[in-house]
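Comments concern the structure below.
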Amino acid sequence: MKDLGLTRMVKVEVVVRADDADVVRELLRAAGVSGWTSLTGVSGFGHHGNHEGRLLFNERSGLVMVIAVLPEQHGEPVVAGLRQLFGDRPGVMFISDTWVSRPEYFDAGPELR
Amino acid sequence: MKDLGLTRMVKVEVVVRADDADVVRELLRAAGVSGWTSLTGVSGFGHHGNHEGRLLFNERSGLVMVIAVLPEQHGEPVVAGLRQLFGDRPGVMFISDTWVSRPEYFDAGPELR
Amino acid sequence: MKDLGLTRMVKVEVVVRADDADVVRELLRAAGVSGWTSLTGVSGFGHHGNHEGRLLFNERSGLVMVIAVLPEQHGEPVVAGLRQLFGDRPGVMFISDTWVSRPEYFDAGPELR
């Protein structure tokens, strides 16, 4: 990817109830994330927590996927914040490597945090 | 990602006709996958199989993307099952690395398989 | 992933205004990409370019995500073309590794370029 002049970033995909999407976006903004993409038309089933014996989502529609791409140094507060959020709200997050062309677009800078 | 306390998993993204989404979800469940996310509002074009000379999808709407995240040991039956499914149904799958915060949510456990 | 009989490819996810989706798809086709998946129901916010002081997207809906999976050798023209496209149109792209089962489906072949 470096051959393509790209910069490695962290991609965070979060699936939550539509009602909770604003909380997720607030958390991202507070952690210095400068943008996101939201997908509607999302439904989910599972995932089971064996130690809990309940479903997070039961083929429920009305979910939203929020996708944020951020510099690795913002990963820790975002992951920690989402983990805490999922303590009392149903949701899952998937964290992946991704590469972008214009890394400065994905860092709000300290004055916006 | 390990620094963030995350666990590596396999992400499977499947694009199929809406009519075939239940077959995909049944296959996932049978392979021990404990949850999935479905996206509607999906259309697709291609992909060409040169040896077949036909399109899999012809700018067709009414497709669904099913996203499942699973422990690596469930990867083999899921990929084998999907490969067989695509023998007589149009569809594509993309397999990626991803990391999650609560790995136990993504493993249904043997009693549910 | 190689254990699963899969082949590594490049996944390109592009978020643009719905009006610009055809330009993206034309660019992909010209670069030898044989198929794509489009998601509607997409909205976006940000990303900030600090040197520009403006938002790319302002919680705007009516966006589209175009997902293309291509052999690594097609990556360079696609990334270069999209970078140029984003010079005068709002948009972001995320480039990731992914693996597929039938690599020949993702290469249109020279006769189609």
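Points to keep in mind about this one:
- Single residue of A:Phe57, A:Phe94 found to be modelled with pLDDT under 80 and assigned to a strand (DSSP E or B): A:Phe57
- Here C:Val42 fits the description: surrounded by 24 or more Cβ atoms within 10 Å (Cβ to Cβ), outside any loop (DSSP other than H, G, I, E, B) and facing chain B (nearest Cβ under 9 Å).
- Remark: pairs (first residue in segment C:77-94, at negative phi; second residue surrounded by 15 or more Cβ atoms within 10 Å (Cβ to Cβ) and among the hydroxyl-bearing types (Ser, Thr, Tyr); Cβ separation under 6 Å; 6+ apart in sequence or on different chains) = C:Arg83/A:Ser101; C:Phe94/A:Thr98.
- Every pair of residues 6+ apart whose Cβ atoms lie under 8 Å, when the first sits in segment C:8-20 and is away from chain A (no Cβ under 12 Å) while the second is in a strand (DSSP E or B) and surrounded by fewer than 17 Cβ atoms within 10 Å (Cβ to Cβ): C:Arg17/C:Arg60; C:Arg17/C:Gly62; C:Ala18/C:Gly62
- Set C:Gly32, C:Gly81, C:Gly5: member being more than 10 Å from chain A (Cβ to nearest Cβ) and modelled with pLDDT of 90 or more: C:Gly81
- Top-ranked residue in segment C:97-113 [being under 28 Å from A:Ala68 (Cβ atoms) and not hydroxyl-bearing (Ser, Thr, Tyr); ranked as modelled with the lowest pLDDT]: C:Phe106
The values are calculated or read from the model by the stated rules, or taken from the named source; none is laboratory data. Just so you know, these numbers come straight off a predicted model, no measurement behind them. Counting neighbours? That spans all protein chains shown, and the Cβs are built from the backbone with ideal geometry, glycine included.
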